[in-house]
Amino acid sequence: MANTVLVSLVSMGTVGALFGAGLAWASRKFAVESDARVDDIEEILPGANCGACGYPGCRGFAEAVVAGAVPCDGCPVSSSEAAALIGEVMGVTIDSNSERLVAIVHCGGGHKEAKEKADYVGITDCRAAAIVSDGSKGCEYGCLGLASCVKACPFDAMSMGPNGLPIVDEDKCTACGLCVAACPRDLISLAPVNKVVHVLCRSFGRGREVRGNCTVGCIGCRACERACEFDAIHVTDFLAEINYANCTNCGECVAKCPTNSIIIQGDQVTVAVEQTVSEQISEGARAN
Amino acid sequence: MGKGKTFKGGIHPPGHKELTNSKSIRRMSPPEEVVVLMQQHIGAACQPLVKRRDVVNKGQKIGDSDGAISAPVHASVSGVVKAVESWVHPNGYKVQAVVIENDGEERLDPDIVPAGDLESLDKGTIVDLIREAGIVGLGGAAFPTHVKLSPPPHKKIHTLIINGCECEPYLTCDHRVMVEQPEKVVYGTRALLRALGINKAFIGIEANKPDAITAMEKATAPYADIQVVPLQIKYPQGAEKQLVTAITGQVVPEGCLPMDCGIVVNNVGTAAAVAASLKTGMPLIERVITVSGEGVKEPQNLLVPVGAKLSDVLQVSQGFNGTPRKVIMGGPMTGVTQFDLSVPVVKGTPGIVVFNDLKTATKPEACIRCGRCVDACPAFLVPVNIVQYVDGGQLDAAVEWGLLNCIECGSCSYVCPANRFLVQSILLGKQEVQAARNKQTS
């Protein structure tokens, strides 16, 4: 009995030792040279594998950074701090002044505001609805309301609001741009988070046509253009567009817009705007 | 059923042809205003040749294009051009259109002269005349006929098939053309044979039209090179590739056209239009359409000027019977639902069908993997798998499974017991693939 135990212990031990030695040899012989920097960078990245950078997942992006194929701040989702950290790993200094961007849906024509021309029965997908007679909305430029952008968002930052329009959660939005690509109407853009005045319309239709389809559409009247002191809003092809670089959030255009297609985002933001306005006034007073 | 030649797969939707199949074609009096779209065919859109306030004659060419695949459009009434503006196409998008206010004079264009005896015309002349007459496939796809008649030199054509299947439910316009104008169809077939330089033609007709088969057999009797072939009653018998298989037994390979197998397919309506324009010189400015469905008071077959608005056509049929829920241009299987009754009839419009209630359950449920869509698919595809790939965003895999070979007949969606949007997903996938390819090339 004791003999059997001894024999099995020794034989199993020997086999184990042999395999162990074999594995140790193989791990040296076939070792894959990996750059430690790739692991470090992957650690810094968000890890959502959203693919917004164009590489297959975060590791793919990290490898590309190490290979020099993409700049350290190439991850559209990461904050500027993360980019700076990646820069540290790579031994380069990253200018971390870039502003954080968030997605803005440029359509204000929900169930209440925009006319429907037909009932749509079919796949719940904006792209599919756009194929069938150009969607069910009277406005051929407006949001189709079937949440293709919401489904595309890997960060759970979008949801459909009660009015049939998508809502962006600014805290969760990482500006990866997947919703921008998912929208067949090209209604979503990325704007600096501290800019709060937006034109919520992308209709190139003439005034009469727009008014017939929606109560909050841009009719191209140019009242905003005249109201703006900072050369920040211009009307081309019957549509107002804001140049965010010049915009000061003053809200003059919002006040002048006859169809309310220009808005100041969020209530809490309105307070901030008032502050900015008062700051500007006091600054102006000081300058004088 | 059971008798006659056919193809693999397909479905048997209720035909509802009894509503109109015994009613002779009535001519619709020209409406006060017609809207002639500049894009009524597959291929390049036409450029308007007239401007606002121009006076046009009936049959005058008002739009043309330099594109190789295109066909000119003509004024269907005489009158004054009210506007050249963008207008909704039956397919939902907007295209340029010439709006003509009818002066009621029916003033014919002086350029309209009969082409003369068929025997005196040579190949090229017939093809040119067909192009100038703006003739396109009247079955629904509206492919320019002259392009079909000019195959590249390395493709030897040996057979012409005239499509008289009309497998779409409700539609009876081709049926009536065959019953009432068989000699026109035969004349057109002979002209097409002459244009192709061949001497073998089949006219395929579904067995649910015995009177059309009798009439066509009688009319083709003097011509040994034209043969009438009765076919099984099945949808989509009238789809080009399926018809080729049914009649010749040949399967058109993946990614090929019937032309690659030496076969050209044309609709009976197209043949009749060719005959009409060669005999009278009048371009394609009117066509027979079926107005049907329980939603119209008087279902009938109408000879309608191209450009007549849907509302005017429905007026002739005594308007709606009850509250319409769905107005379809074309048949219920492949037609396009309309949202605006100011949409005009185009050359490729075979009919208008109006429904008062949407009987079909429209809420899709989970796939039970029964495989009925696979049995029904006449294009040898596995719709369920293709759709899963499209829905999952794996377009490459969908293409591998034959996404682009789908003929969009809708048989899969029709048989699906879970009411899934199969053909709709495939259409979406095709569009996405096209968009991705366009992006790559640009």
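Averaged over the residues of B:82-95, the number of partner chain Cβ atoms lying within 10 Å of the residue Cβ comes to 2. Relative protection proxy for B:225-237, B:281-293, from highest mean packing down: B:281-293, B:225-237 (other beta-carbon atoms within 10 angstrom).
The listed residues B:Arg27, B:Arg176, B:Arg131, once ranked by accessible area (1.4 Å probe) with the largest placed first, stand as B:Arg27, B:Arg131, B:Arg176. Once you reduce segment A:67-121 and segment B:247-317 to the center of their Cα atoms, the two points are 51 Å from each other. Remark: accessible surface ordering of A:Ser261, B:Ser29 (largest first) is B:Ser29, A:Ser261, probe radius 1.4 Å. If you plug the beta carbon distance of A:Arg211 and B:Gln434 into 1/(1 + (r/R0)^6) with R0 = 45 Å, you get a FRET efficiency near 0.85. Highest average first, the peptides B:110-119, B:378-387, B:133-142, B:428-437 ordered by how many other beta carbon atoms sit within 10 Å of their residues are B:133-142, B:378-387, B:428-437, B:110-119.
Averaged across the residues of B:328-341, what count of C-beta atoms belonging to other chains lies within 10 Å of each residue's C-beta?
2
Rolling a 1.4 Å probe over the protein heavy atoms leaves B:Ile407 with an accessible area of roughly 60 Å².
Each helix, a run of at least 4 DSSP H residues, gives -39500 (n - 2.57); summed and divided by the residues of chain A, these come to -11500 deg cm²/dmol at 222 nm. Summed over qualifying helices (DSSP H, 4 residues or more, each -39500 (n - 2.57)) and divided by its residue number, chain B shows a 222 nm mean residue ellipticity of -8000 deg cm²/dmol.
What is the P(r) of chain A, as percent of Cα-Cα pairs per 5 Å bin from 0? Per 5 Å bin, starting at 0, the Cα pair percentages come out as 1, 5, 9, 11, 12, 11, 10, 9, 7, 5, 3, 2, 2, 2, 2, 2, 1, 1, 1, 0, 0. On full extension, the segment bounded by B:Glu18 and B:Asp260 gains 83.4 nm, given 0.36 nm per residue less the C-alpha separation.
Counts of other chain beta carbons within 10 angstrom of each beta carbon in peptide A:122-134 average 6. For the set A:Lys115/B:Lys347; B:Lys58/B:Lys184; B:Lys23/B:Lys326; A:Lys117/B:Lys297; A:Lys137/B:Lys23, the pairs lying more than 27 angstrom apart at their alpha carbons are A:Lys115/B:Lys347; A:Lys137/B:Lys23. Be a star and scan segment B:288-324 for residues whose amide nitrogen sits under 11 Å from the point 7 Å along the Cα-to-Cβ vector of A:Val121. No residue passes the distance filter. Inter-label distance, B:Leu118 to B:Arg325: 4.7 nm, where each label sits 7 Å from its Cα along the C-beta direction. Compare A:Met158, A:Met12, A:Met90 in a GNM of chain A, Cα atoms joined below 10 Å, and give the one with the largest fluctuation. In the Gaussian network model the winner is A:Met12.
In this simple spin-label model, placing a label point 7 Å from the Cα along the Cα-to-Cβ direction at both B:Glu298 and B:Leu341 gives a separation of 1.6 nm. The alpha-carbon atoms of segment B:268-339, seen along their principal axes, cover 43, 24, 19 angstrom, with the largest extent given first.
For chain B, a Gaussian network of Cα nodes joined below 10 Å ranks B:Cys173, B:Cys165, B:Cys370 by mean-square fluctuation, and the top entry is B:Cys370. Relative intensity of the protein assembly as shown on a log10 scale, I(q)/I(0) at q = 0.07, 0.09, 0.11 Å⁻¹, equals -0.64, -0.93, -1.21, per a Debye sum over C-alpha point scatterers of equal strength in the absence of solvent. Taking all protein chains as shown and a probe of 1.4 angstrom, A:Met160 keeps an accessible surface of around 70 Å².
Mind checking which of B:Pro30, B:Pro151, B:Pro364 has the largest fluctuation in a GNM of chain B, springs on alpha carbons under 10 Å? Judging by the Gaussian network model, the answer is B:Pro364.
The values are calculated or read from the model by the stated rules, or taken from the named source; none is laboratory data. It should be emphasised that the depicted structure is a prediction, and the values quoted were computed from it without experimental measurement. Positions of Cβ are backbone-derived with ideal geometry, glycine not excepted, and every protein chain shown enters the neighbour counts. Side chains included, ligands, DNA and RNA excluded: accessible areas come from the protein's heavy atoms. Shrake-Rupley method; radii C 1.70, N 1.55, O 1.52, S 1.80 Å.
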